[in-house]
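Read-outs: derived from the displayed coordinates by stated rules, not from any lab. Being a predicted model, the structure only gives us computed values, none of them experimental. Don't worry about glycine lacking a Cβ; one is built from the backbone with ideal geometry, like all the others, and counts go over all protein chains shown.
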Amino acid sequence: MITPSVTSAIAGFGFIYNAYMLVLVVEVWLVFRPSIVGRAKTRRGGSRLFYRVLALGVTDITDRSRAVDRWLVRVLAIVGIPVACVLHGYVGFLFGAVKANPWWSTSLMPVIFLVSAIVSGIAALVVLYLFICWRRGERPDADCVRALSRYLWMFLVLAVSLEGLELLQMAYESDGEWHILSTLLAEHLAVSYGLVQVLIGSIVPLILLLTSFHPRLSPRLVAFSSGLASLLVLLQVFAMRWNVVVGGQLFSKSFRGFVEFPLHWTGREGLFAAAVVLALPLLALWAASKIVPLWQSAEI
């Protein structure tokens, strides 16, 4: 981290992540700048000073500045799309570059990780939206939930198709490593792959999301089916990551047998550490909701 190499794939991920984070921070700040300025004018004491610092000392917003902010948000959104694609596909590139592991070294791995990131992002957005609406005692917008469900269904179809094509290609080529990979799927990953990833996390959500498209379905049923499908999709994405990362470490390097994957509760790679890492984005969102309003009705 102190002296990164420009030719290192791991260091390259750091460069891309920092660039994407900078784009997101500036974009979010521009979106919420009117709220920040408004609170800098109305709050008192330390809170007023905090929002004045957050507003960078600029407490006046004109029509021209609003137009400039909206233009900058559009520009940053356009720039952020390809950066986000590179960022989320880069993890798959790292796995695909490991030639010694046939479970990872496929040309579809970067594309699968990219589409899987889109799927998990939409699903997480649906779950968070429905949860916050429930906490606030407000009724979710049924049209908004239906629109998100349509996008989720389309990208889920794409993700499942790509994952199936990857496995089909391996089976059709039937290289020397296919005997160990087929045994891996049939025995060691039968539950996490066949049951969780394919059946519970892919087929069931596809059916549930189709039911939410019906325009005559009540808003409550739309929210229930979309929320349940989104939770199952998040489970599918987690299972997919588990099968890729852990599955690639379950067979020996000589392809003559299988090894045990040590799963610990403590330690930097234990379950507690993983739970903390998974909770950090939720804590960051909670902290952000205390600083800026997530709902227009909560303005100032």
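Normalised by the residues of the stretch 1-97, what does the relative contact order come to in percent, with Cα pairs under 8 Å and at least six apart?
It rounds to 35 percent for the stretch 1-97.
Quick check: the angle from helix 219-245's long axis to the longest principal axis of the chain, C-alpha only, nearest 10 degrees?
Approximately 50 degrees, to the nearest 10.
If you put +1 on each Lys and Arg Cβ and -1 on each Asp and Glu Cβ, how big is the dipole of the stretch 6-103 around its Cα centre, in Debye rounded to 20?
Working: 12 positive and 4 negative charges, 108 e Å.
My answer is approximately 520 debye.
5 Å is the cut-off here: which amide hydrogens, built 1.01 Å from N in the peptide plane, fall below it relative to Phe258, excluding neighbours closer than 5 in sequence?
Residues meeting the amide H criterion: Ser252.
Treating cross-link reach as a plain straight distance, find the aspartates and glutamates whose alpha-carbon is under 15 Å from the alpha-carbon of Lys290, omitting any fewer than eight places away in the same chain.
Glu299
Select from Ile16, Ile81, Ile200 the residue whose mean-square fluctuation is largest in a Gaussian network model of the chain (Cα-Cα springs shorter than 10 Å).
Its mean-square fluctuation being the largest, the pick is Ile81.
Whole-Hz ³J(HN,Hα) for each residue in the stretch 152-158, computed from phi via Karplus 6.51 cos²θ - 1.76 cosθ + 1.60 with θ = phi - 60°, x for glycine and proline: what do you get?
Going residue by residue, I get 5, 5, 5, 6, 5, 4, 5 Hz, with x marking Gly and Pro.
Project the alpha carbons of the stretch 192-237 onto their principal axes and report the range along each, largest first, in whole Å.
Rounded to whole Å, the extents work out to 35, 13, 11 Å.
Would you work out the relative contact order for the chain, in percent, from Cα pairs under 8 angstrom that are 6 or more residues apart?
16
Mind computing the radius of gyration and Dmax over the alpha-carbon atoms of the stretch 163-282? Å is fine for both.
Looking at the stretch 163-282, its Cα Rg and Dmax stand at 18.0, 58 Å.
Which of the trypsin sites (Lys or Arg not before Pro) found in the stretch 191-269 are in a DSSP loop and have at most 14 neighbouring Cβ atoms, other than their own, within 10 Å?
In loop regions of the stretch 191-269 (DSSP not H, G, I, E or B), the sparsely surrounded trypsin sites (Lys or Arg not before Pro) are Arg216, Lys253, Arg256, Arg268.
Can you compute the helix-only [θ] at 222 nm over the chain? Use -39500 (n - 2.57) per DSSP H run of at least 4 residues, normalise by all residues, nearest 500 deg cm²/dmol.
Working: 10 runs with 200 residues, N = 300.
Counting only the DSSP helices, I get -23000 deg cm²/dmol.
Using a cut-off of 14 Å between beta-carbons, work out the net charge of the residues near Thr106 (Lys and Arg +1, Asp and Glu -1, Thr106 not included).
Result for the neighbourhood of Thr106: -4.
Just the C-alpha atoms of the stretch 1-97: what Rg/Rh do they give, with Rh taken as the Kirkwood radius?
On the way: Rg = 18.0 Å, Rh = 15.8 Å.
Over the Cα atoms of the stretch 1-97, Rg/Rh equals 1.15.
If one computes the Cα centroid of the stretch 221-300 and of the stretch 114-161, what distance in Å separates the two points?
Between the Cα centre of the stretch 221-300 and that of the stretch 114-161, the gap is 16 Å.
Would you mind getting the Kirkwood hydrodynamic radius of the chain from its Cα pairs, rounded to one decimal in Å?
Here the Kirkwood hydrodynamic radius works out to 22.2 Å.
Just flag the chymotrypsin sites (Phe, Trp or Tyr not before Pro) in the stretch 1-49 sitting in loop per DSSP whose Cβ has no more than 12 other Cβ atoms within 10 Å.
When the chymotrypsin sites (Phe, Trp or Tyr not before Pro) of the stretch 1-49 are filtered for loop state and at most 12 Cβ neighbours within 10 Å, nothing remains.
Quick one: Karplus J couplings for the stretch 194-211, per residue in order, coefficients 6.51, -1.76, 1.60, θ = phi - 60°, nearest Hz, x for Gly and Pro?
Coupling constants for the stretch 194-211: x, 7, 6, 6, 7, 6, 6, x, 10, 5, 4, x, 4, 6, 5, 5, 5, 5 Hz.
May I ask you to list the lysines whose Cα is less than 29 Å away from that of Lys253, ignoring any residue fewer than eight positions away on the same chain?
Lys99
Taking the alpha carbon gyration tensor of the stretch 237-300, what are the square roots of 5 times its eigenvalues, largest first, to the nearest whole Å? Mind dumping the intermediate values first?
Numbers: eigenvalues 330, 37, 8 Å².
In descending order the semi-axes read 41, 14, 6 Å.
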